[in-house]
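K.L.:
Structure incoming, see below.
Here, each number is a calculation from the coordinates, and none is a lab measurement. Owing to the predicted nature of the structure, the values given are computational and were not obtained by experimental measurement. All Cβ positions, glycine included, derive from the backbone under ideal geometry; neighbour counts span all protein chains shown.
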């Protein structure tokens with residue numbers, strides 16, 4: 001399945017790497033590292049050279065307990081990085097935002113994907129995304145970042161997440177959004193316990209058969225810390241294992257901090273699948 005990201009066409013039948021670029025002072029893993037334009041561009045260059053098909057720019061931390069930022073502050077953080085990356089690098093610029101004003105401006109500056117953790121539920125976000133004309137990723141989150149990890153509960157996490165995402169898909173399609181421009185993200189770590197996350201990972205291939213490309217983000221997250229006992233700076237092996245499992249189960253994009261290592265891991269998955277397909 002080919003998808004058009006503001007003029008860049010990518011085959012979603014293959015698993016792509018999305019590099020994380022947080023232009024925030026308080027993100028859980030790299031807050032404050034790349035919140036100046038030049039530092040952000042240098043990091044984006046490196047990720048593209050290492051094989052990132054997407055660079056995901058975020059100006060509002062959505063880590064557990066994070067507070068919202070003002071519209072102007074988010075614009076001031078995100079726009080210089082988006083403009084510089086879109087002008088210089090051959091990559092899809094994705095913007096991690098739920099804010100309609102930010103969506104409008106970053107698409108004008110060259111962004112090719114709106115990556116919304118709130119699934120276009122903020123006021124005017126849906127109409128803005130339809131008018132923007134670029135693909136959108138809808139993510140599931142139970143609650144809000146300030147309180148989402150306090151006591152997440154589900155009747156069935158697979159059923160609940162799937163039903164929510166498909167309900168949002170119907171809303172988008174009824175508003176005139178093209179089905180072939182929608183991606184889904186089950187929202188690992190966003191209002192889920194470790195067991196919820198593992199159940200979603202185990203059932204990811206079931207979600208893939210819904211027909212929409214899946215974007216998956218588990219890199220360095222606390223679920224991996226709980227499993228391994230490792231600090232956030234020591235979670236590369238666990239992150240690679242999670243990305244590899246997601247790719248095998250049909251993810252189209254894995255969102256990661258460590259691009260070079262993940263690209264190598266996915267090359268092994270692609271080689272295995274190519275060899276198997278060649279024998280059938």
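K.L.:
Just give me the residues in segment 101-131 being closer than 15 Å to residue 7 by Cα and either more than 19 Å from the chain's Cα centre (by Cα) or surrounded by fewer than 19 Cβ atoms within 10 Å (Cβ to Cβ) (or both), in sequence order.
P.N.:
108, 109, 110
K.L.:
In segment 66-76, is there at least one residue being touching a residue at least 40 places away in the same chain (Cβ under 8 Å) and buried (at least 22 other Cβ atoms within 10 Å of the Cβ)?
P.N.:
no
K.L.:
Kindly check whether there is at least one residue in segment 212-220 that is surrounded by fewer than 23 Cβ atoms within 10 Å (Cβ to Cβ) and either over 16 Å from the mean Cα position of the chain (by Cα) or over 22 Å from residue 1 (Cβ atoms) (or both).
P.N.:
So far as segment 212-220 goes, no, none of its residues is surrounded by fewer than 23 Cβ atoms within 10 Å (Cβ to Cβ) and either over 16 Å from the mean Cα position of the chain (by Cα) or over 22 Å from residue 1 (Cβ atoms) (or both).
K.L.:
Starting from residues that are touching a strand residue (DSSP E or B) at 6+ places or on another chain (Cβ under 8 Å) and not in a loop (DSSP other than H, G, I, E, B), keep the ones in segment 124-143 and report whichever is farthest from residue 160 (Cα to Cα).
P.N.:
Residue satisfying both the conditions and the ranking: 132.
K.L.:
Starting from segment 219-246, keep only residues that are free of Cβ contacts under 8 Å to residues at least 12 places away in the same chain, then list their pairs with residues that are in a helix (DSSP H, G or I) and crowded, with 17+ Cβ neighbours inside 10 Å whose Cβ atoms are within a distance under 7 Å, requiring at least 6 positions of separation or different chains.
P.N.:
228/238; 230/238
K.L.:
From the list 169, 134, 157, exactly one residue is surrounded by 15 or more Cβ atoms within 10 Å (Cβ to Cβ) and over 19 Å from the mean Cα position of the chain (by Cα). Which is it?
P.N.:
Numbers: 169 fails: over 19 Å from the mean Cα position of the chain (by Cα); 134 fails: over 19 Å from the mean Cα position of the chain (by Cα).
Selected residue: 157, the only one of 169, 134, 157 that is surrounded by 15 or more Cβ atoms within 10 Å (Cβ to Cβ) and over 19 Å from the mean Cα position of the chain (by Cα).
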